[in-house]
1. If you scan the stretch 100-122, which residues turn out to be farther than 10 Å from P172 by Cβ and charged (D, E, K, R)?
2. Could you list, in sequence order, the residues of the stretch 134-155 that are open to solvent by 10 Å² or more (accessible area, probe 1.4 Å) and more than 24 Å from Q231 (Cα to Cα)?
3. All but one of (1) among the aromatic types (F, W, Y); (2) at pLDDT 95 or above; (3) under 30 Å from K16 (Cα atoms) hold for Y53; state the number of the condition that does not hold.
4. Read through the list (1) on the phi > 0 side of the Ramachandran plot; (2) in a loop (DSSP other than H, G, I, E, B), then give the number of the only condition that P4 fails.
5. For residues in the stretch 69-128 being among the polar types (S, T, N, Q) and open to solvent by 30 Å² or more (accessible area, probe 1.4 Å), which is farthest from Y3 (Cα to Cα)?
6. Residues T174, T182, T207: which one is touching a helix residue (DSSP H, G or I) at 6+ places or on another chain (Cβ under 7 Å) and of a type in the set (S, T, N, Q)?
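The values are calculated or read from the model by the stated rules, or taken from the named source; none is laboratory data. Only a predicted model underlies this, so the values are computations on that prediction, with no experimental measurement involved. Because the Cβ atoms are built from the backbone with ideal geometry, glycine has one as well, and the counts that use them run over all protein chains shown. Surface accessibility is based on the protein's heavy atoms, side chains included, excluding ligands, DNA and RNA. Shrake-Rupley method; radii C 1.70, N 1.55, O 1.52, S 1.80 Å.
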Amino acid sequence: MLYPLFGSPRLPKIEKSEPRNLRLSGTSMQFAVPPFCIEWGRQRDWPDTFDIYDSSAFCKTEERTAFLKCFESRWDIKGLPVWKTELGWIEFSITVFKLSETGSAFNLRKFESDLLDQYARLYGPMGTFNKHSFETFLDWSAQLINGNLWISYHGRKHSVSDTSYQLVWETPITDEHFISVTFSYQNYKEKKTVHYAVEKFAQKIMTATHLDLSPSAQEQKSAAEKQWPNQKYSEHMEPLRWIRPKKDFISVEEYFSDDGK
């Protein structure tokens, strides 16, 4: 049984997780997640090997940092089984982003600045997704997980019809790449218990995640530590907030122009 029989909210059992190993040009990432389980759709057959130095493998637009999706899965969040209620869903994704070739992502201040610029290009006044309210860098912290230092933060997006949330962990894996682990979810009834359950679920998956840098990436990281000694991530990052007024009416054109945003 993938879901516990009793309790609410009910998320897939962590002990049912299936191990996976991503190979990213010498860097490897071991993680484990429960089987795909949502009312609609099915699990894509994802490869386990990616060439992160192949620029043609990355999706790129002028507004977005080039990215390579490496894995994605989804799960329903269930309520009491007797009522067969659905409380929301979670989308889990692992993505490699390619930054500009100038500077090093192992320069922690540059990495923070790159993240800020990326969100501004997407959600700022001139951004691609600037029609709805968006907040990020909430609850910013640095977390040491199995020998690797990750930054973690929360996000929130308000659209015309709903609110969605993000739990994010990110860390550099070369001078010009970083990896992002994201748990995006919806909480249909805005229950506090759902927020707590999703965060606990995500933390358990991250705690069991291992990242081993390639020899060349380890050399890049060591060189950066010598060039910028004793660097630490910011203890506090001011949240980014773009709050737009809610509309009581939205045209058909506006509705469909927001599709996927």
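1. Correct list: E101, R109, E112, D117, R121.
2. Of everything in the stretch 134-155, just one residue is open to solvent by 10 Å² or more (accessible area, probe 1.4 Å) and more than 24 Å from Q231 (Cα to Cα), namely E135.
3. Failed condition: (3).
4. Failing condition for P4: (1).
5. Only one residue tops the list, namely T102.
6. Criteria check complete, one pass: T174.
Here is a yes/no grid of residues against (1) part of a loop (DSSP other than H, G, I, E, B); (2) among the aromatic types (F, W, Y); (3) touching a Cys at 6+ places or on another chain (Cβ under 8 Å); (4) at pLDDT 95 or above:
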residue	(1), (2), (3), (4)
R64	yes, no, no, no
W83	yes, yes, no, no
E91	no, no, no, yes
I94	no, no, yes, yes
F97	no, yes, no, yes
E101	yes, no, no, no
S104	yes, no, no, yes
E112	no, no, no, yes
L115	no, no, no, yes
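Residues are listed down the side, and each one gets a yes or a no for (1) in contact (Cβ under 8 Å) with a residue 60 or more places away in the chain; (2) farther than 18 Å from S25 by Cβ; (3) exposed (fewer than 13 other Cβ atoms within 10 Å of the Cβ):
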position: I205; (1), (2), (3): yes, yes, no
position: L213; (1), (2), (3): yes, no, no
position: S216; (1), (2), (3): yes, no, no
position: E238; (1), (2), (3): yes, yes, yes
